[in-house]
1. Any idea how many residues of the range 17-48 are near the ligand (Cβ under 9 Å from one of its atoms) and either loosely packed, with under 13 Cβ neighbours inside 10 Å or of a type outside the set (A, V, I, L, M) (or both)?
2. Among the residues in the range 195-204, are any touching a strand residue (DSSP E or B) at 6+ places or on another chain (Cβ under 7 Å), at pLDDT below 95 and within 20 Å of LEU79 (Cα to Cα)?
3. Tell me whether the range 44-59 contains one or more residues that are within 13 Å of VAL138 (Cβ to Cβ), of a type in the set (S, T, N, Q) and at pLDDT below 90.
4. Can you go through ARG141, ARG176 and tell me which one is part of a strand (DSSP E or B), surrounded by fewer than 24 Cβ atoms within 10 Å (Cβ to Cβ) and touching a residue at least 40 places away in the same chain (Cβ under 8 Å)?
5. In the range 1-16, what residues are surrounded by 12 or more Cβ atoms within 10 Å (Cβ to Cβ), outside any loop (DSSP other than H, G, I, E, B) and more than 9 Å from the ligand (Cβ to nearest atom)?
6. Considering only the range 116-138, state which residues are modelled with pLDDT of 75 or more and crowded, with 18+ Cβ neighbours inside 10 Å.
7. Just wondering, is there one or more residues in the range 62-79 that are more than 16 Å from the ligand (Cβ to nearest atom), exposed (fewer than 12 other Cβ atoms within 10 Å of the Cβ), closer than 20 Å to TRP142 by Cα and at pLDDT below 95?
8. Read through the list (1) under 16 Å from ARG10 (Cβ atoms); (2) within 10 Å of the chain's Cα centre (by Cα), then give the number of the only condition that ARG172 fails.
Amino acid sequence: MDRTLLDALRCPAPHADAWLVAVVHAADGPRLLEAELACPACGAAFAVRGGVARFQEPPVPREPAPPPVAGHGHHADRLAALLGVADGPHPVLLVGTRTVAGAALAERVTPPQWWLNPPAPVPAPPADPPLLAAVLHVGVRWPLAPRVVAAVAVDEAHATPEALAEAARVLRPGGRLVAPASAPLPAGVRELVRDDVEWVAEATGPASGLVALRRRHP
Ligand SMILES: [Zn+2]
């Protein structure tokens, strides 16, 4: 797990946003290999094992996604275009089988990548160009702060209303969400384009006044 991800991690328990405190046992430069993550608000604890941050046990394998019709290169070209992010410091979030395109995507766009729930075995991050992919196994609520990623791509298995709401929550304003055509459009995004395979939507910006009024931070 990329050490810089720590700033963006939040306890996934249903309470006010809380940073996680890390106790590092083993690291390789910027990569955390073995660590414990603890929430000072509720006491929840999570582990980093083998570089993978485990917010829940690895999901039971599902039907593998069909391979891209025209190969990884074409698939990554298309995904890069749909995500609309060429460079910049803000990460791209690939979810489920979308992580399979991560290495090819890294040859085309430079942002860091965070991989949620990659299929087993986890695709190897490429060495050239080097990609410091952060790998997380997550449950229904994603352990990420709001508005931290530049773009999100979700696969069929994560095209649920709950996962798409999380995707919309973690997107920066103007950031794009790519999802299968059958997926419901979550609140907080507007559709840009769709075909019979997938749609692309854009995060519409800061929370509405109504949501702001419900915040209880002093
Ligand atoms: Zn907590």
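1. Total meeting the criteria: 4.
2. Checked against the condition, which is being touching a strand residue (DSSP E or B) at 6+ places or on another chain (Cβ under 7 Å), at pLDDT below 95 and within 20 Å of LEU79 (Cα to Cα), the range 195-204 yields no hits at all.
3. The answer is yes; a qualifying residue exists.
4. So the residue among ARG141, ARG176 that is part of a strand (DSSP E or B), surrounded by fewer than 24 Cβ atoms within 10 Å (Cβ to Cβ) and touching a residue at least 40 places away in the same chain (Cβ under 8 Å) is ARG176.
5. If the condition is that a residue be surrounded by 12 or more Cβ atoms within 10 Å (Cβ to Cβ), outside any loop (DSSP other than H, G, I, E, B) and more than 9 Å from the ligand (Cβ to nearest atom), then ASP2, ARG3, THR4, LEU5, LEU6, ALA8, LEU9 are the ones that fit.
6. Of everything in the range 116-138, those that are modelled with pLDDT of 75 or more and crowded, with 18+ Cβ neighbours inside 10 Å turn out to be LEU116, ASN117, PRO118, PRO119, ALA133, ALA134, VAL135, LEU136, HIS137, VAL138.
7. The answer is no; no qualifying residue exists.
8. Among (1) under 16 Å from ARG10 (Cβ atoms); (2) within 10 Å of the chain's Cα centre (by Cα), ARG172 violates only (2).
The values are calculated or read from the model by the stated rules, or taken from the named source; none is laboratory data. Just so we're clear, the structure is a prediction, and the values are computed from it rather than from any experiment. Here the Cβ is made from the backbone with ideal geometry for all residues, glycine too, and neighbour counts use every protein chain on show.
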